[in-house]
Amino acid sequence: MTGSDPNADQDGEGKGAASGDSGDRLVKAAHQAAERVREGMKNPEPSLGARLGQIGVLGWTIVIPTLLAMLVGRALDHYFGTGIFFSAPFIMIGAGMGFWSAWKWMHRP
């Protein structure tokens, strides 16, 4: 090793510690990218139609309990002759039940 390059190998290839580390990082990055591609092939992303369907289901999961509770509240208000005494709390209860149901649906396994 008589050359003036301090990073030169004994074989004279000129590879130093820095280029060897970057080669290892490059190999590791290539393996990670290949693994991501394989994982993507096994578990593809849902289509746009599937995503829109999920949004629709979530919307109806919230709206249906709210409307049903509102109808019960209105019927009770009509029966007892009160203004919105039952309607307002029943709407909130129905919305709460709908949001809880949507939350559970979103976090299902």
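Only the coordinates and a few stated rules stand behind these numbers; no lab work does. Because the structure is predicted, anything quoted here is derived from the model rather than measured.
Would you kindly state how much longer the chain becomes between residue 21 and residue 41 on full extension, computed as 0.36 nm times their sequence separation minus their alpha carbon distance, in nm to one decimal?
Length gained, residue 21 through residue 41: 4.2 nm.
Can you give me the relative contact order of region 48-106 as a percent, contacts being Cα pairs under 8 Å and 6 or more apart?
Dividing the mean separation by the residue count of region 48-106 yields 41 percent.
Gain in length, residue 85 to residue 108, computed as 0.36 nm per residue apart minus the alpha-carbon separation, to one decimal in nm? Don't skip to the end; give the middle numbers.
Numbers: separation 23, 0.36 × 23 = 8.28 nm, distance 3.57 nm.
Net length gain for the segment: 4.7 nm.
Taking 37 °C and 0.692 mPa s as the conditions, I'd like the Stokes-Einstein D for region 48-106 in µm²/s, using the Kirkwood hydrodynamic radius from alpha carbon pairs. Display every interim value, and only then the final one.
On the way: Rh = 12.1 Å.
Roughly 271 µm²/s, to the nearest whole number.
Scan around residue 86 for amide H atoms under 5 Å from its own, H built in the peptide plane at 1.01 Å from N, and keep only partners 5 or more places away or cross-chain.
77
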